[in-house]
Each structure stands twice: as structure tokens, then as C-alpha cells.
1. Taking the residues in the stretch 162-179 that are out of contact with any Gly (no Cβ under 6 Å at 6 or more places or on another chain) and buried (at least 19 other Cβ atoms within 10 Å of the Cβ) as candidates, determine which candidate is farthest from E195 (Cα to Cα).
2. Among the residues of the stretch 69-84, is there at least one that is among the β-branched types (V, I, T), modelled with pLDDT of 95 or more, more than 19 Å from the chain's Cα centre (by Cα) and within 25 Å of V160 (Cβ to Cβ)?
3. For the stretch 176-201, which residues satisfy the criterion of being in a loop (DSSP other than H, G, I, E, B) and within 25 Å of Y252 (Cβ to Cβ)?
4. Given (1) under 16 Å from the mean Cα position of the chain (by Cα); (2) under 20 Å from P182 (Cβ atoms), identify the lone condition not met by F110.
5. Kindly provide the set of residues from the stretch 142-156 that are open to solvent by 30 Å² or more (accessible area, probe 1.4 Å) and either in contact with a His (Cβ under 6 Å, 6 or more places away or on another chain) or within 19 Å of E173 (Cβ to Cβ) (or both), ordered by number.
6. Could you check the stretch 5-16 and list, in sequence order, the residues that are closer than 28 Å to D70 by Cα and either of a type in the set (S, T, Y) or assigned to a strand (DSSP E or B) (or both)?
7. I'm trying to understand the selection: among the residues of the stretch 124-138, which are open to solvent by 30 Å² or more (accessible area, probe 1.4 Å) and either outside any loop (DSSP other than H, G, I, E, B) or within 19 Å of K91 (Cβ to Cβ) (or both)?
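The values are calculated or read from the model by the stated rules, or taken from the named source; none is laboratory data. This structure is a prediction, so every number in the text was calculated from the model and none was measured. FYI the Cβ positions are ideal-geometry reconstructions off the backbone, even for glycines, and counts take in every protein chain you see. Surface areas here come from the heavy atoms of the whole protein model, side chains and all, with no ligands, DNA or RNA. Shrake-Rupley method; radii C 1.70, N 1.55, O 1.52, S 1.80 Å.
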Amino acid sequence: MTRKYDEKGFVAVESFYGTDEEPVLCANGYHSIQRTWYDKDHVKSEAWFDAEGNPMTLGNTFVRREREYDEAWNIAVERYYGPDGERIPCKDGYDEIRREFNELKQAVRFAYFLNGEPFMMPAGYSVMKREYDENGFITKQSYFDADDVPVLSTAGYHAVVRTWYDKDHAKTEAWFDTEGKPMTLGNTYCGVEREYDEAWNVKTERYLDAEGKPVARSEGYDEVRRTYNEQKKPVRFEYYLEGEPYTNAKGYCVMEREYGEDGSVTAERYYDMNGEEVIDQTKSDQ
């Protein structure tokens, strides 16, 4: 690795080479990175280059990124540029993102722009807001237009509220409309509660009404329990209503699956509450 420094002693260029001094790509995907700095800890801009010295992208559209910071040195603005120095949209469609932070340095507002104008994200919003719990996990995420008017995202809700086991595994999830009222998403329930197995597969899923109480889905059950194989594929589904095994309209309360080497489902078998194999009643006359 070689380094070049600017007049302040900050690293301006960092390049990587093989054992024979030939240019190579580092683990991050580039041969060299060029930076400008506000101070020794805060980058103003960075650009990436391949082994031939050509500007390169890193899984996105832009070859250079520029940052501005707020008074607490949070990244408040980020802009994206093409190889000729022109502003360029990232793969999500915007060329600038502006963030606001709370006292704990957590981003609480994200606003998206294109060519200096508010940009409507593909998911249906221009502004996203977040709230956090004492562990720093996102408890609420909500969506707005450029004037901070609540909107529904393309997922169908204005806000989603979650509790967490850890930063990657939600315990409960509930959806709300633009007036803050609980809402369903094409079924009967307004929320879901999950339990996980030791491998963090969702082993139990319960469906909840507006008051957080169990409610039957349109399919008739209010709880599904799953078991998984070593490949994290669900191999058994058990359906329940009010804590008792539930026989659905297809005539079974348990379904088991088998998979091929490519991960596709090769067989499904159905069982009643006594463990007897049954025929899917919706397919019995085919």
C-alpha cells in the first residue's frame, strides 16, 4: 500500500499493489481512493479508481461522494457525482440526501433530492422520519411528502412501529395510516408478533388487532408455528386458533415440505389434528 499526503498531512491518495508491485483491487473493490478532508477525522469527498486509473463505482452509479457535516459532526448532507464531476443519481434515484440528528447522534429525518428539488422515492415518499428506543433500535419509521405531510408508502402504510429482540430481529410490528390509526394490509390484522428459534428463524407468528389482541386472519388462523431444516427452509407449518389446532378450508392443520438440492419445493404433505395424512380438499377433485 502506498500513500500520498496533502499540505496538511492528511492522506489524499491510498493505493494498493500486489507482491510484484502491480496494481490490485483491495477488499473494498478499488485500487486507489482519493480523499479531501475537513480535518483528520472527517472526509469531505472521496473517489475510487481501478487498477488502470479509471474512475469506478462501488455497486452503485456514482464515482465520487461529497459530504457536509452539522455542528456535531454528523453527516448532514451527502451528494453523488459522475466521472466528469457532474451530479448523478444513485441507484435509488436521488443525487442528494439531507439528514437531521438527535442529541444521541441518531438520524431522525431523511430528505431526498434530485437536481436540487425534492425527490419522490420509488417507495412513495420524499421524507422519512425515525424514532428510537433506549437501545438505539428504530421503534417507528414514518413517511412524508416534501412539505412534511404524511403519506402512505407503496407498502401501504404511513408508519410502522416495532419492538425488538435485537437490532436485526423484530418482536412486534404494527402499521398505521396518515391519521395515526391502526390499519390492515390486505388482511384482517393490524400487527404481528414473532418468536424465533435458536437459529433466528421465525418459529411462531401471531396476528394482532388494533388493540394488540390475537385476531384470526382471513384464512381462519391467528397463529402459525414453523420448524426449519439446516438450510433455514421451513419444513413444517402448524396452524392454530385461540391456542388450539386449526383445520383450514383445505382440510388440514399441518403442512410439511420437502426441498430439492436447488432449494425448490419438491413435495408437500398435509395432516389433520390427529397426525393422519389428508388430501388438500381444494385439489381433491383435480
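1. Among them, the one singled out is F176.
2. First pass over the stretch 69-84, keeping only residues among the β-branched types (V, I, T): 75, 77.
Going one step further and asking which of them are modelled with pLDDT of 95 or more, we end up with 75, 77.
With the extra rule that they be more than 19 Å from the chain's Cα centre (by Cα), the set shrinks to 75, 77.
Next cut, within 25 Å of V160 (Cβ to Cβ) only: 75.
There is at least one residue in the stretch 69-84 that is among the β-branched types (V, I, T), modelled with pLDDT of 95 or more, more than 19 Å from the chain's Cα centre (by Cα) and within 25 Å of V160 (Cβ to Cβ).
3. Pass one, the stretch 176-201, residues in a loop (DSSP other than H, G, I, E, B): 177-181, 183-190, 197-201.
Of everything in the stretch 176-201, those that are in a loop (DSSP other than H, G, I, E, B) and within 25 Å of Y252 (Cβ to Cβ) turn out to be G186, N187, T188, Y189, D197, N201.
4. With respect to (1) under 16 Å from the mean Cα position of the chain (by Cα); (2) under 20 Å from P182 (Cβ atoms), F110 is out only on (2).
5. Once the filter is applied, which keeps residues that are open to solvent by 30 Å² or more (accessible area, probe 1.4 Å) and either in contact with a His (Cβ under 6 Å, 6 or more places away or on another chain) or within 19 Å of E173 (Cβ to Cβ) (or both), the stretch 142-156 yields P150, L152, T154, A155.
6. From the stretch 5-16, those closer than 28 Å to D70 by Cα are 5-14; that's our starting set.
Hits for the stretch 5-16 are Y5, V11, A12, V13, E14.
7. K129, R130, E131, Y132, I138 - these are the residues of the stretch 124-138 that are open to solvent by 30 Å² or more (accessible area, probe 1.4 Å) and either outside any loop (DSSP other than H, G, I, E, B) or within 19 Å of K91 (Cβ to Cβ) (or both).
Here's the yes/no breakdown for (1) surrounded by 13 or more Cβ atoms within 10 Å (Cβ to Cβ); (2) under 29 Å from N135 (Cβ atoms):
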{"site": "K4", "(1), (2)": "no, no"}
{"site": "I33", "(1), (2)": "yes, no"}
{"site": "P55", "(1), (2)": "yes, no"}
{"site": "D70", "(1), (2)": "yes, yes"}
{"site": "L104", "(1), (2)": "no, yes"}
